[in-house]
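Written out below as structure tokens is the structure these notes cover.
The values are calculated or read from the model by the stated rules, or taken from the named source; none is laboratory data. Just so it is clear, the model here is predicted, and its values are computed rather than measured. Heads up, the Cβs are rebuilt from the backbone with ideal geometry, glycines too, and the neighbour counts pull from every protein chain shown.
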Amino acid sequence: MNNIVNYIKEKTGDAPDITYKIFPINNEEITLVYSNSTSDQDNINDFILRRLDEDKNNIKTKDIYNYIKNYIPNNNIKEITKEESLYYILAGFTIIIFKNNKLLALENKAKVHSDISNSEIEKSIKGPSDAFTENYQTNTGMIRRRIKSEDLWIKENIVGTKSKTKVGIFYINGYAKEDMVKNIEDKINKIDIEYVGNSNYILEAISNANRFILPTHFTTQRPDYATLMLMQGRIIILVENSNEVIILPCTFFDFFKNPEDYYGKGLNVTLNRLIRIAAYILTVFTPAIYISLMAYNWESLPSSLLINFSVQRDGVPFSSVFEIIVMNMFFQILRESDLKSPGKGGSSVSIVGALVLGQAAVEAGIVSPITIIIVGISAISSLCFSSIELINSTRYFQILLIILAWQFGFAGVFFGALIILGTLVSQSSLGVPYFSPFEPFNLKEQEDVLLSKKQVKFHPLNIFKRSER
Amino acid sequence: MKKIIKCVTLLLLVLSLTGCFGYKEINESAIVSAISIDVNKKDNNKYDVGVQIMNAKKKENSNISEIVFYKATGNTIYEALEKITLDSPKELYLGHNEIVIIGDELLKIKDPLNYLDYFFRDPRVEKDSLILIAKDNKAYDVLKILTPLETIPSHNLKATLFTSSEVSGVTNITTLDEFISYLMTTGEEVVLPSVIIKGSEEKGENIENLSDSDPNTKITFSDLGVFKNNILIGYLNDEESFGYNLVANEAKSTYIYFKCDENNYGNVKVHSSKTEEKLLFKNNKPSVEITNNIVADLIEYNCKNDLINDSNATKEIENKVAKRSKKMINEILDKLYKEYKTDALKYGSKYYKNKYKEMKELNLTTKDIKNNITFKVKTKVTIRSSSLTLKSINKEYNYEK
């Protein structure tokens, strides 16, 4: 018995938050070992110590080990080995060491996580507003509650040599491609990682498209959306201590969808999606098109607009390329500071600040007003999307197009558009073409992407079918 | 990876072939909105070229005129334009040129094909600009008149031309490329609208001209100029211009007045006018059957006839209008083919395109067609409605008495 205690003390460096409690019972002594920080003290007092205290003189059987194993009210009692004991102590279990060096682990996890609250990132106007928390068990529950079928299968692994984080792969048996699930599981098993900070760690480890600018996965905080994605045959990765779940595979047009879309009226949703697609195109192309109009392709402007632009640019010392790049950078800084500044009420203040600064810059004659409008259009359009990854990736495209427009005018913009389209079309995510269902062309799938049809809602289309050309 | 680099390099090289080099900001160029071409009789018949530049200065003081003028003389149009660049701080940009005004004197002595080549050759010049004749004045003077309704005079001219050709049917729109193609084609002659200055020229150049509610000086559209062998030989008055537009199918929406009793007139508004031509040969001579169909609404009727009770009244109006349109058409045909002997209605080229075989058999040239052509004119007018009332207000007034 003592050698196990010594073993634990040695391995943990005699951690101050681990308590060793010697409890005499039936002429025998057992030792309870638990961590003060990860286990629930009340639970230990109420259900283990009190019960043992009440019963210690009345136990008829001599076999305390079996008594505890069978009669202590605890839902998760495990026989463990000496080596495993470390993990269980730190995971919030109470370890009981018996005289004959047998070990039992009883679960008494403390609630060190936030309660179920609304999602901050994906705001909900319609539909359920609960969001994933940092607790793995709660998250699993939120999905299980929505799909009560036995077909919801979960594969669990423990990742991280130091963090020992639980990673669960959720999928619906029969819907998700079995070899893809296996593929992901193998990858997760092979991860050589010490500490898993967030779900993104796992993502980076299993994703093979790190060089691709656009994200090949997407994350959600909303269990209703995650469930819907499961129904489409997608695979969900749940990571302990992370309130985002990873959804795989993912196509480009998934970023134009919103959980809300599935609760709204189909016709309105179609319009919303078209607006989002237009917003994306505006974000990427507006600055470049403006530059080519200002420097090369004057004939494409009506003459009254041309003279208007010319008047606005009168007396501005910098070229329009410089203006656009500087103002765009200014906006990026503003966005970054807005996101990172403490206190989330800063957004309106900073927008007003930007306007005032923009106006002041125009009046001082440093930038032309039209530049502010162009940067504004591009910036506002980029705020249409909830995926930070997508917005961040558009900046590369913007810069690429701006440089091409600066050197070659419209011809350059079209060339850049071709490059972008090429990168989109050539990628795939878990075998699903990234630009599907438009490339390869699949009219029926497009009903789910552009329109939101009733049939598609009632019987979700399987994402893996898209890969069949 | 190597393949990708190769591809991208190749595509970048292709891009360099587009010739899209030369990054240049808008405000580094002077946007020309109108060009005038005159002959300089004192200086060896060189060309006086004037440009109207849209002033791209920020308007802190609204009294600054929106346009600036430059003028230079040269042996060719391009030489003159290059000389203007010496005066102007910015390079001229002709891609948004709206109007080319050519002086009456120049058109009367020289074929435009001898000096318009630059406009046709340079890709940076707008081919869609309108061509006008400055009838009584120098083209440059017309250019310089500031106009009240639109800040930029060339906009004003363009807008007026479009409205008047649509509403009155007496002017005719010809763009630069059309003009040059008419000049180049045998068997076609051009008809161009002309402008004149009403009032004093000097006052029109001042900004004060804009502050008057009734400006002293205005530019108005005048008669259509007729060309023969690419030389301007005369003008058509309003009535003749209208006749020309009727035959040429260019009269879209216009009005025709008619006399309904001794002192009073009525008016019909043309809803649609369609002219059909049959190109025939009679006695080995070209003969054209022109059938003009007008559908019109009665828009003004100042006589005492009752249109309800008198069933013949409408018919009578129709006949009167038809007669008038026939007269107008006959007059213009006479004027063009007998007096001026010019093929402004382009029958030479029409015969050449449609009746080439017969022309070959009869051994006729387009010139023969122009000289020997005869016409047979039929007109028909249908009055569709009489608008709000069937009676004349004159008649109702009489009832009350």
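Within the stretch A:308-322, the set of residues being facing chain B (nearest Cβ under 10 Å) and not aliphatic (A, V, I, L, M) comprises A:Asn308, A:Phe309, A:Ser310, A:Gln312, A:Arg313, A:Asp314, A:Gly315, A:Phe318, A:Ser319, A:Ser320. The criterion of at least 1 residues that are more than 26 Å from B:Glu25 (Cα to Cα) is met by the following strands (runs of 3 or more DSSP E) wholly inside the stretch B:54-124: B:67-74, B:99-103.
Only one entry of A:Pro460, A:Pro440, A:Pro433 meets the criterion of being farther than 23 Å from A:Ile236 by Cα, of a type outside the set (S, T, N, Q) and at pLDDT 80 or above, and that entry is A:Pro440.
Yes or no, residue by residue, for (1) modelled with pLDDT under 80; (2) loosely packed, with under 13 Cβ neighbours inside 10 Å; (3) closer than 16 Å to A:Ala105 by Cβ:
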{"residue": "A:Ala15", "(1), (2), (3)": "no, no, no"}
{"residue": "A:Glu29", "(1), (2), (3)": "no, no, no"}
{"residue": "A:Asp40", "(1), (2), (3)": "no, no, yes"}
{"residue": "A:Phe47", "(1), (2), (3)": "no, no, yes"}
{"residue": "A:Arg51", "(1), (2), (3)": "no, no, no"}
{"residue": "A:Asp55", "(1), (2), (3)": "yes, no, no"}
{"residue": "A:Lys69", "(1), (2), (3)": "no, no, yes"}
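Within the stretch A:405-415, the set of residues being at the interface with chain B (Cβ under 7 Å from one of its Cβ atoms), in contact (Cβ under 8 Å) with a residue 60 or more places away in the chain and of a type in the set (Gly, Ala, Ser) comprises A:Gly409, A:Gly412. Among the residues of the stretch A:364-378, the ones that are under 16 Å from A:Gln332 (Cβ atoms) and either free of Cβ contacts under 8 Å to residues at least 40 places away in the same chain or surrounded by fewer than 21 Cβ atoms within 10 Å (Cβ to Cβ) (or both) come to 3 in all. Just checking, does the stretch B:30-52 include any residue being facing chain A (nearest Cβ under 8 Å), touching a strand residue (DSSP E or B) at 6+ places or on another chain (Cβ under 9 Å), assigned to a loop (DSSP other than H, G, I, E, B) and not aromatic (Phe, Trp, Tyr)? No: zero hits.
Cβ-Cβ contacts under 6 Å between residues 6 or more apart (or on different chains), taken from a first residue in the stretch A:3-26 that is under 21 Å from A:Thr81 (Cβ atoms) to a second residue that is of a type in the set (Gly, Ala, Ser) and surrounded by 13 or more Cβ atoms within 10 Å (Cβ to Cβ), are listed as A:Ile18/A:Ser35.
Of the residues in the stretch A:274-307, how many are small (Gly, Ala, Ser), in contact with a helix residue (DSSP H, G or I) (Cβ under 6 Å, 6 or more places away or on another chain) and either within 14 Å of another protein chain (Cβ to nearest Cβ) or not in a helix (DSSP H, G or I) (or both)?
First, pick out the residues of the stretch A:274-307 that are small (Gly, Ala, Ser): A:278-279, A:288, A:292, A:295, A:300, A:303-304.
Now drop any that are not in contact with a helix residue (DSSP H, G or I) (Cβ under 6 Å, 6 or more places away or on another chain), which leaves A:279, A:288, A:292.
If we keep only those that are either within 14 Å of another protein chain (Cβ to nearest Cβ) or not in a helix (DSSP H, G or I) (or both) too, we end up with A:288, A:292.
Residues flagged as small (Gly, Ala, Ser), in contact with a helix residue (DSSP H, G or I) (Cβ under 6 Å, 6 or more places away or on another chain) and either within 14 Å of another protein chain (Cβ to nearest Cβ) or not in a helix (DSSP H, G or I) (or both) within the stretch A:274-307 amount to 2.
Considering only residues of the stretch B:95-135 that are within 14 Å of another protein chain (Cβ to nearest Cβ) and of a type in the set (A, V, I, L, M), which is surrounded by the fewest Cβ atoms within 10 Å (Cβ to Cβ)? Walk me through it before giving the result.
To start, the set of residues in the stretch B:95-135 that are within 14 Å of another protein chain (Cβ to nearest Cβ) comprises B:95-99, B:122-130.
This time we only want the ones that are of a type in the set (A, V, I, L, M), so: B:99, B:125, B:130.
Numbers: B:Ile99: 25, B:Val125: 19, B:Leu130: 23.
So the residue we want is B:Val125.
Looking at the stretch A:141-161, which of its residues are in a loop (DSSP other than H, G, I, E, B) and charged (D, E, K, R)? If the condition is that a residue be in a loop (DSSP other than H, G, I, E, B) and charged (D, E, K, R), then A:Lys148, A:Glu150, A:Asp151 are the ones that fit. Residue-level analysis places A:Thr81 among those that are loosely packed, with under 13 Cβ neighbours inside 10 Å and either touching a Lys or Arg at 6+ places or on another chain (Cβ under 7 Å) or of a type in the set (Val, Ile, Thr) (or both).
Each row is one residue, and each column tells you yes or no for (1) in contact with a Leu (Cβ under 6 Å, 6 or more places away or on another chain); (2) hydrophobic (A, V, I, L, M, F, W, C); (3) more than 14 Å from chain B (Cβ to nearest Cβ).
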| position | (1), (2), (3) |
| --- | --- |
| A:Leu357 | no, yes, yes |
| A:Tyr396 | no, no, yes |
| A:Ile403 | no, yes, no |
| A:Ser426 | no, no, no |
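Quick one: is B:Leu362 over 19 Å from B:Ser273 (Cβ atoms), at pLDDT 85 or above, out of contact with any Asp or Glu (no Cβ under 7 Å at 6 or more places or on another chain) and not basic (Lys, Arg)? It is true that B:Leu362 is over 19 Å from B:Ser273 (Cβ atoms), at pLDDT 85 or above, out of contact with any Asp or Glu (no Cβ under 7 Å at 6 or more places or on another chain) and not basic (Lys, Arg).
Among residues of the stretch A:194-212 being surrounded by fewer than 18 Cβ atoms within 10 Å (Cβ to Cβ) and either of a type in the set (A, V, I, L, M) or at positive phi (or both), the one that is modelled with the highest pLDDT is A:Ala205.
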